[in-house]
Structures are given as C-alpha cells and as structure tokens.
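This report concerns only the one structure given below.
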Amino acid sequence: MSPHSFHSSDNASEQIAQTDLRAISRLFPYLWEFRGRVLLSLSLLLGAKLASVSVPLVLKKIIDSLDMSHASLVFPLTLIIAYGLLRFSSTTFADLRDVVFAKVTQRAMRRVSMAVFQHLHALSLRFHLERQTGGITRDIERGSKAISSLVGFLLFRITPTVLEILMVAVILFVKLDWVFGMITLLTLAVYVAFTVTITDWRTQFVRRANTLDSEAYGRAIDSLLNYETVKYFGNERYEADRYDNSLAEWERAALQSQRSLGFLNAAQAGTIAIGVTLMVLRAAKGVVGGTLTLGDLVMVNAYLLQMFQPLGFLGVMYRQIKESITDVERMFTLLHRPKEIEDAPDAVKLSVHGGEVRFEHVSFSYNPDRPILRDVDFTVPAGKTVAAVGASGAGKSTLARLLFRFYDVNEGCIKIDGRDIRDVTQESLRSAIGVVPQDTVLFNDSIYYNIAYGRPDAAREEVVDAARAAHILKFIESLPQGWETIVGERGLKLSGGEKQRVAIARTLLKNPAILILDEATSALDTKTEKAIQGELLEIAKSRTSLIIAHRLSTVVEADEILVIESGRIVERGRHAELLAQNGVYALMWAMQQQAEEEKPEE
C-alpha cells in the first residue's frame, strides 16, 4: 500500500472521528437540561461499580477464612452477609440509575424529534418538492430511537465497563502483583484496538445499508401514495421491480455488514480467551507455589467472569454506538439544513390596513439558467380583484408562491400596504393570506378537522357557518357519519368538487385579508366549475384578490386581467378592453370558446 493510501485512510478516520464527536456534542445540550438527574445517575453508576468490584474481594476473604483450620462461623457469616448486601447494592444502584435517567433520555428524544419536525416545516418549498417523504420519516424514526441507544450505551454500558476494568486492574496490581494488572490492561487494549479498527472498517457497510434502507422505504411510500397512477398504467410489476432492486442493493450491503461482524466476533473471542488463560494460569501457579491463597484464585476467577462478560458485548455495543451516531447525525443533518427563507433579524408583524398588493419590477428564477418572471410590475388595489392568465409555464403560479413567500424574488420587491414582505415575519404574512389551490390536499381525518384547520381555535358554530357559506353544509349533513366522516388519504374519498368546497370553507374560516385563487377550478368539470365559480367570486369581493387562471371564463369579472407570456406581462386591462385589443387575450378567448362549443354535452 502506498504512503498516499495510508494518508488518505488517516484523513478518512479523522473525519469519521470528528463526525462522531460532533453528533455526541450536539446531544449534550438536550441532556444537560436535567443536569441534576445526570449527576445523580452518574453517582449511582459509580456506587454500583464500587459495590460490584468489592464482591470478589469479600468472596476471597470468605474462602480464605473457611480454609483456615481455626475458622469460626461468626467471621464468615458476617462476610457472607456483606457479600449479599454488596450484590444487592450493585443491582439496586444500577436499577435506580435507570429509573432516575429515564426522564432525561425520553425528554431528549422528544425535544430533538420536535426540533426536527418544526425545522422541516420551516424549510423552503424547494426542499419539500425535492424530498422523499418515506426516507425522511425513516431518518427521523431511526434518529430518535438512536438517541436512547447512544446515551444508554455510552453512559451505562461502555463507561462503567471501562471503569470496572480499570478498578480491577488496580486491585489486582495492589493485592497480587503487577503482572496481573498488566495482563488485564493489555487484554483490554488489544480487545479495544481490534474492536475499534474492525468496527470502523465495517461502518461503511452499515452506513450504506441504512442509506439504501431509507431509499427503499421512500420508494415504497412514494409508490403507495401514487396508488391510482400505478393502477392507471398497470405498472404494479414495474413498481415491484423498482422496490426489489432497492432491496437487492440493501441486501448486498447488509450481507457485507454481517460477514464483517463475524470476523470481528472471532477476533474479540480470541483476545479474551488468551487473556483469561494467562490470568488463570498465573493464579493457579501462585496457589501451587504457595504465594497465593485459594481465595486469591477464586477472586481472580470472579473478576475474570465479572469483567470479561460485559467486555464480550463491547464489540456489539461499540458497533451499535457507531450505528446510532450515524442515525443521529443523519437526523441532525436535517435539523441543521439551512432555511432558504428566513425572517429578517428586525422583522415586524404585518399589519394589514387596506391590503394593497404591489409587485415592483419583479424578476425570479428557480434556477439561474431558466428565468421564470421578467420585470413584472402591477398593483392589486385594496379590495379589488386582479387576475393573471396565460399558457401553462408562463409563470402565473409563481406569482402566488412569491406573494406567499415560498421563495424570495431575485430582483425587485413585493409590498403589502407599502411594506416589503421581506421586512415582516413569515407567520404574520401568511396569516393575512388565504389560498385556494388547484390541487386541494386534505388530511386523512374528519371533514370537521379539515375545515377547522383554517383556524383550529374557531368555535364549532364558526366552522358550520364557513361550511354553509361554501355550500357544502347540506352535503356534510347528508353523510351517514356527518362531520366525523373520514376523507381518506389526501381527501381521495371526496370528489373534486367536494374537496374544493372544503378548501373554500377552511379559507373562509381563516378570514384572510388577501385571497389567492391558484387555478382553483381548473381540475373540475364544467358543471362543477360553474357551481363553485360563483362562490369563489363572492368571497373575493370583500378582499384583495389575486386569481391565477387558465380558463378565461373564471376571470371575466376581474377588475384587471394580466396576460403573461414567457414571464412577462404582455397585455393588461378588463375583459372587454382586452377583447377589443384583438391580441393574445382575444385569441385565447376565441380558442377556449371554440373548445367549449365543440365539447360534447355532459
């Protein structure tokens, strides 16, 4: 192997060590919140180990006292009682330690999971459009469980085991001779060296297996979420093959992990066997030679059983610690992913007076090489309705995303009542805006829950009033389970028109000053669209409204219509004015009217 290879390996090991320390250090603030419990738990741990290492010493005295020809029953009886008390103390202190520390671990799991959940909601729309839901939920699930494993193994398995071995080495050095202490420490050093080296080598397989597990899980969830699409195209076999390919890659990585574990276990077992043999051999030789008593031999044997039994699991513990660190690090990577949209340090709450919306020379692109909006400039006066129309991909929906501040503009600015929306808090901005989207997604819960989601603290009467205003109350009351009817995953148990009315009802309940209708009826049939169109225009009347539309029939009543092509406003005016110009809008209108006339009766 070349010197360069050694250097690269050292760098990789150093980077892994830094990653491990970073993951552990990130957990510390969550644990230190209960520092009193942590310190008490550590005190109980120390007490348990002191009691544990005292047991073989007392056992030695019992054996030696019974071996004497003049042994009396009183002396060994006292020692036997002490032996029993020490055994009891060792177990009891360990149990008390677990009871005291349980709240620390559970609260840390809860707080970290909550922090990740809140952070995911704070990340930009760009992140959520690119993410795989299944993979992320798997990372959070494994990460929160890994916190408990990591803390438990580090504090209550590795630390006490190493502490006990050091105590035993000192006792053997003082009570017997330096050789016993050296054999103990040397065995420990070789064992740990084998464990750390081989486990670090095999961690790559564990990481790979976990990554592939998340990918396979995410692929399965994505397929199930798109159940109808899979069925439409008869692609069940295709989806099964994709999932199986992911599982096959995971299987290969898992097998590599399992084989390397076998190698690790063999190395550990050999190290312990050699150490134990040398210790017993020296102790037996001392007894035969008269330098050690029978009690010394029993004490050495007791220490060996007591010490190497937990040491036998050190490899498993170290591997699980490495795996837990990997899982925790993945979760903290999510937690520390930078937010694309953040409140300014001096951001204030938006106070809407009239609700005038102003786009001032706005330019925007999702990617630098593909501009979406170019120098867009218009005003939606307070209480008025402005519509943006154009072909698919013209940039209409981007206007809504920018106003809602899912993204920030590249050039220009957007103002509400004269204030740049980047200068106000996102929470106050979004509380002032209501959106009825094209694709209404509902929670897999009751109709009541989905409408009340517009304002969760609303009284039941207000929720009912919102449903009545959205013309869905009669439908709800006609259902066998009424308000408690479960709408299904993403609202699949409701028709398109019913879902849109639920969306309108919850937006009405929110009672926003500014309304965005983003192609709110384009996914509906003509009859349903006409039924809902009137309701949308009615709720838009008293609010500043921006309507994003493809069907021009939905915007004829707007105070101003903006015609957008390739990210630019090419025409603007009222419906009649635009028809009179005989330009882009007039052509679009004529084409849609012709399409309506040619459409067969529904």
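The values are calculated or read from the model by the stated rules, or taken from the named source; none is laboratory data. Fair warning: this is a prediction, and the values are worked out from it, not measured in the lab. Virtual Cβ from ideal backbone geometry, glycine too; neighbours counted across all protein chains shown. In case anyone asks, the SASA skips ligands and DNA or RNA and just uses the protein heavy atoms, side chains included. Shrake-Rupley method; radii C 1.70, N 1.55, O 1.52, S 1.80 Å.
Here are the numbers for this structure:
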item	result
Reach of residue 415 by Cα under 28 Å, taken over lysines that are not fewer than 8 positions away in the same chain	339, 349, 384, 396, 510, 541
Sequence-distant residues sharing a close amide H with residue 411 (under 5 Å, placed H)	363
Heavy-atom accessible area order for 544, 211, largest first, 1.4 Å probe	211, 544
Debye, to nearest 20: dipole size of the range 339-458, +1 on Lys, Arg Cβ, -1 on Asp, Glu Cβ	320 debye
Accessible area in the full protein assembly, largest first, 1.4 Å probe, for 173, 34, 332	173, 34, 332
Protection-proxy order for peptides 426-432, 386-392, each taking the mean of Cβ atoms within 10 Å per residue, highest first	386-392, 426-432
Principal axis box of the chain, alpha-carbon based, largest edge first, Å	122, 62, 51
Charge dipole (debye, nearest 20) of the chain; +1 at Cβ of Lys and Arg, -1 at Cβ of Asp and Glu	2400 debye
Heavy-atom accessible surface of the chain: percent carbon and sulfur, 1.4 Å	58 percent
Accessible area per residue, Å², the chain with all protein chains present, probe 1.4 Å	52 Å²
Charge dipole of the chain about the Cα centre (unit charges at C-beta), most positive-ward option of 152, 246, 404	152
Segments 196-207, 228-239 sorted - mean Cβ within 10 Å per residue, highest first	196-207, 228-239
Set of aspartates and glutamates with alpha-carbon distance to residue 474 below 17 Å, sequence-local pairs under 8 removed	461, 462, 465, 484, 498, 535
Furthest towards positive pole of dipole, 127, 45, 290, structure part the chain, Cβ charges	290
Net charge contributed by nearby residues that have their C-beta within less than 12 Å of residue 247 (K/R +1, D/E -1)	-3
Neighbour net charge for residue 81 - beta-carbon separation under 15 angstrom, K R +1, D E -1	+2
Angle in degrees between helix 526-540 and the longest Cα principal axis of the chain, rounded to the nearest 10	90 degrees
The range 294-371, dipole about Cα centre (Lys/Arg Cβ +1, Asp/Glu Cβ -1), debye to the nearest 20	220 debye
Listed peptides 360-373, 38-51 by packing density, highest first (mean Cβ within 10 Å)	38-51, 360-373
